[in-house]
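Okay, structure first, notes after.
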Amino acid sequence: MTRTYVTLTYITLLGVLAGCGAASEDEVEEVHHMHDTAFHTAGDQDPYIGTHYGLLHVNLEDETLTWQGTEEDRHDYMGFTILDDGTFISSGHPGMNSDLDNPLGVMRSDDEGDNWDVDILYPEVDFHNIVAKPDHSEVIYGFDAYNGDMYRSTDAGYEWEDVNTTEFEGEDLLELLVDHDDENTLAAASQDGVHHSTDGGETWELTQPGLGILSAAPYDDGHLVYGVGEDAGWLFTEDLGRSLEPLDMALPAEPVITLDTHEDMIAAGGAEDSFFLSFDQGETWETWIDEGTPNTP
């Protein structure tokens, strides 16, 4: 079935995503501009959130929120992911207390974001999207919003190849999805719809014009998708958005601009600075941050 998803609400939400900036771990008083979230599956199993003013640890056991690193590390974490081996990877812009140049390139941390190595593509790229192949995170794709280029790494983010410099020039992608089985097959969600590549990001085709995918994460053998527009809400796709199946899951109170899944848990960041957690595959939700204000249980 053909779906047309572009609406005024969808276009308005783009501004939230494009905006872009502030760590013994410190208690959190307010949270603004969540860009990306990921579960630390190789470590504490907790979700971490890359925000405009630092990297946030959502401690599920203690039911607390804390900033990672030092004051100098309170960067604007744009793209953010955690690899299978527990390595944190991010990109973005230096915080107000940092002496680093802008943009930050590709940053790596092997201690949950307490310390970062900033020496890869620095200060050349600003990855607003960083997505690894499910269950094989040596293969990573990054979209450099600074220049509009698509990058690919096959060694867990140490070395990168600029595979496409023209397809998304002047755009800020909403999401990237990588196929579970084929590392060369991926999808990119933009304002125009969903584009697909079968050659590792070198060439692209707009296959689903008007389809609005706001956020996505690996889920079972496919991806959990938050769609906007005519069929807004939770969807499931086994083929990177070529076909979509509505899911009977409860909806958080805000459009979901970033999400991740782990076992029965779903972490979802909202467009109005709320953060939601489900521990039962989306049947019920808890609000841990309510429009920027911590609201832990």
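Annotations
- Qualifying residue in region 268-278 (condition: within 16 Å of Thr37 (Cα to Cα), over 16 Å from the mean Cα position of the chain (by Cα) and not charged (D, E, K, R)): yes
- Selection count where residues are part of a loop (DSSP other than H, G, I, E, B), hydrophobic (A, V, I, L, M, F, W, C) and under 20 Å from Glu159 (Cβ atoms), scope region 76-111: 2
- Hits in region 61-101 - residues which are surrounded by fewer than 17 Cβ atoms within 10 Å (Cβ to Cβ), farther than 24 Å from Ala132 by Cα and not β-branched (Val, Ile, Thr): Glu61, Asp62, Glu63, Glu71, Glu72, Met96, Asn97, Asp99, Asp101
- When region 59-75 is filtered for residues that are in a strand (DSSP E or B) and in contact with a strand residue (DSSP E or B) (Cβ under 6 Å, 6 or more places away or on another chain), the ones remaining, listed by number, are Leu65, Thr66, Trp67.
- Among residues of region 23-58, those that are exposed (fewer than 15 other Cβ atoms within 10 Å of the Cβ) and outside any loop (DSSP other than H, G, I, E, B), counted: 1
- Count of residues meeting criterion [among the hydrophobic types (A, V, I, L, M, F, W, C), within 28 Å of Ile266 (Cα to Cα) and either at pLDDT below 95 or over 21 Å from the mean Cα position of the chain (by Cα) (or both)] in region 198-220: 1
- For the residues Glu183, Glu169, Glu159, the requirement of being touching a Lys or Arg at 6+ places or on another chain (Cβ under 6 Å) and surrounded by fewer than 20 Cβ atoms within 10 Å (Cβ to Cβ) singles out Glu183.
- Criterion applied to Val58, Val31, Val118 was being at pLDDT 95 or above and closer than 17 Å to Asp144 by Cβ, and the one residue passing it is Val118.
- Pair list, Cβ < 7 Å and 6+ apart or interchain, from region 267-279 residues that are over 11 Å from Leu251 (Cβ atoms) to residues that are among the aliphatic types (A, V, I, L, M) and surrounded by fewer than 24 Cβ atoms within 10 Å (Cβ to Cβ): Ala267/Leu277; Ala271/Leu13; Ala271/Val16; Ser274/Ala253; Leu277/Met265; Phe279/Met265
- Filtered by the rule that a residue be among the acidic types (Asp, Glu) and closer than 20 Å to Leu176 by Cβ, region 24-83 gives Asp36, Asp76.
- Among the residues of region 156-215, the ones that are in contact with a helix residue (DSSP H, G or I) (Cβ under 8 Å, 6 or more places away or on another chain) and part of a loop (DSSP other than H, G, I, E, B) come to 4 in all.
- Filter result for Gly142 (at pLDDT 95 or above, part of a loop (DSSP other than H, G, I, E, B) and either within 26 Å of Asp84 (Cβ to Cβ) or in contact with a helix residue (DSSP H, G or I) (Cβ under 9 Å, 6 or more places away or on another chain) (or both)): no
- Filtering region 166-198 to residues that are closer than 21 Å to Ala145 by Cα and among the acidic types (Asp, Glu) leaves Glu167, Glu169, Glu171, Asp172, Glu175, Asp192.
- Here Glu112 clears all of (1) over 23 Å from Leu55 (Cβ atoms); (2) of a type in the set (D, E, K, R); (3) crowded, with 19+ Cβ neighbours inside 10 Å except the condition numbered (1).
The values are calculated or read from the model by the stated rules, or taken from the named source; none is laboratory data. All values reported here derive from a predicted model rather than from experimental measurement. We place every Cβ from the backbone using ideal geometry, glycine too, and count neighbours over all the protein chains shown.
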